[in-house]
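I have placed the structure first, in the form of structure tokens, so that the comments after it can refer back to it.
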Amino acid sequence: VQLQASGGGLVQAGGSLRLSCVASGRIASRYAVAWFRQAPGREREFVAAAGRTGAGTFYAESVKGRFTISADNAKNTVYLQMSGLRPEDTAVYYCAAGPVINSAIRTATGYYYWGQGTQVTVSS
């Protein structure tokens, strides 16, 4: 499975963007899908995830209420709708997929597949 992330760009604070992550093959229903981000000089951090089928969605506290993760299984695509963007949201955003259980869903290890990243820049 290969993941292709897109949708990043430059936006003013308060604006919105929708990131997409297309999988080249069907992501097994037992896989969780997630978005992580990495800002310059910082560690990669968890943003949002959708657990394995029926296992719910999870968000970092910093994005809760502003970002929404969703999936279109027919299109093998996962989305991250971002609104109320802030300059501190500036980072390269990566999508990931893997057989991750809920207790480990915020941890990057365990995700087998990673997209190439898409840059999001929020100006103040």
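The values are calculated or read from the model by the stated rules, or taken from the named source; none is laboratory data. None of these values were measured; they are calculated from a predicted model. Neighbour counts run over all protein chains shown; Cβ positions are idealised from the backbone, glycine included. Areas reflect the complete protein model, heavy atoms only, side chains present, ligands, DNA and RNA absent. Shrake-Rupley method; radii C 1.70, N 1.55, O 1.52, S 1.80 Å.
Somewhere in region 104-120, is a residue touching a helix residue (DSSP H, G or I) at 6+ places or on another chain (Cβ under 9 Å) and open to solvent by 80 Å² or more (accessible area, probe 1.4 Å)?
Our first condition is that a residue be touching a helix residue (DSSP H, G or I) at 6+ places or on another chain (Cβ under 9 Å); within region 104-120, this holds for 110, 120.
Now narrow it down to the ones that are open to solvent by 80 Å² or more (accessible area, probe 1.4 Å): none.
The answer is no; no qualifying residue exists.
Just wondering, is there one or more residues in region 12-35 that are assigned to a loop (DSSP other than H, G, I, E, B), modelled with pLDDT of 95 or more and in contact with a helix residue (DSSP H, G or I) (Cβ under 7 Å, 6 or more places away or on another chain)?
yes
With A97, A74, A60 as the choices, which residue is more than 17 Å from G15 (Cα to Cα), of a type outside the set (S, T, N, Q) and open to solvent by 70 Å² or more (accessible area, probe 1.4 Å)? Let's see the steps before the verdict.
On the way: A97 fails: open to solvent by 70 Å² or more (accessible area, probe 1.4 Å); A60 fails: open to solvent by 70 Å² or more (accessible area, probe 1.4 Å).
Sole residue among the options that is more than 17 Å from G15 (Cα to Cα), of a type outside the set (S, T, N, Q) and open to solvent by 70 Å² or more (accessible area, probe 1.4 Å): A74.
In region 111-124, which residue that is under 21 Å from N73 (Cβ atoms) and part of a loop (DSSP other than H, G, I, E, B) is nearest to the chain's Cα centre (by Cα)?
G115
State whether one or more residues within region 86-99 are part of a loop (DSSP other than H, G, I, E, B), over 22 Å from V1 (Cα atoms) and in contact (Cβ under 8 Å) with a residue 24 or more places away in the chain.
Initially, region 86-99 is screened for residues part of a loop (DSSP other than H, G, I, E, B), giving 86, 90, 99.
Checking the rest, the ones that are also over 22 Å from V1 (Cα atoms) come to 86, 90.
Imposing the further condition that a residue be in contact (Cβ under 8 Å) with a residue 24 or more places away in the chain reduces the set to 86, 90.
Yes, the conditions are met somewhere in region 86-99.
Take region 1-43 and flag every residue that is closer than 13 Å to T118 by Cα, surrounded by 14 or more Cβ atoms within 10 Å (Cβ to Cβ) and small (G, A, S).
A5, S6, G7, G8, S20, A39, listed by residue number.
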